[in-house]
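Since the structure comes first, as structure tokens, the remarks are kept for the end.
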Amino acid sequence: MEHEIHKVVSFDKVDPFTLRVNFEDGTSQLIDFSPLLRGKLYGPLRDESFFDRVKLDREVHTLVWPNGADFDPSVLHDWPQRQASLERLAKKWEQDAA
């Protein structure tokens, strides 16, 4: 199975927990991360001031947070196809953290 490689080149905050993520191929995704902010790794991002500390890591070409949370840039690129399965995973992360 071939895995496409994408790179995040920039992002803009649109709303709380929502970013417009721009990719090397000229496409962008508007992503509301709030349904995924659960569990040990992503749960701390529910604090809006912490979420807003997101940076673009130019070495790995994706979004990263100070606690090590990140997302594969290909997942971000293909967000409409990945969102539902990620939201199901986030519910599991919350259950595992409890």
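Specify the angular offset, from 0 to 90 degrees and rounded to the nearest 10, of the alpha carbon long axis of helix 79-97 from the longest principal axis of the alpha carbons in the chain. Long axis of 79-97 versus the principal axis of the chain: about 30 degrees.
Taking every pair of Cα atoms in region 1-71, average 1/r, invert it to obtain the Kirkwood radius, and report Rg/Rh to two decimals. Provide the component values of the computation, followed by the final result.
On the way: Rg = 12.3 Å, Rh = 12.7 Å.
Rg divided by Rh gives 0.97.
A simple charge model with +1 on the Cβ of Lys and Arg, -1 on the Cβ of Asp and Glu and nothing else charged puts the dipole of the chain at about 320 debye relative to its Cα centre. Taking a straight Cα-Cα cut-off under 25 Å and skipping sequence neighbours fewer than 8 places away in the same chain, the lysines within cross-link reach of LYS13 are LYS40, LYS55, LYS91.
At 222 nm, what value in deg cm²/dmol follows for the chain if DSSP H runs of at least 4 each add -39500 (n - 2.57) and the sum is divided by all its residues, to the nearest 500? Write out the running numbers ahead of the final one.
Working: 4 runs with 32 residues, N = 98.
Calculated at 222 nm, the ellipticity per residue is -9000 deg cm²/dmol.
By the rule of a C-alpha distance below 17 Å, with chain neighbours fewer than 8 residues away ignored, the aspartates and glutamates paired with LYS7 are GLU24, ASP25, ASP57, GLU59, ASP70, ASP72, ASP78.
For LEU89 and ARG20, calculate 0.36 nm times their separation in residues minus their Cα-Cα distance, and state this gained length in nm to one decimal.
Numbers: separation 69, 0.36 × 69 = 24.84 nm, distance 2.22 nm.
Full extension of this stretch gives 22.6 nm more.
Bear in mind that the values in this text are calculations on the coordinates, not laboratory data. Quick caveat, the model's predicted, so the values are computed rather than measured. Reconstructed Cβ throughout: ideal geometry from the backbone, glycine too, with neighbour counts over all protein chains shown.
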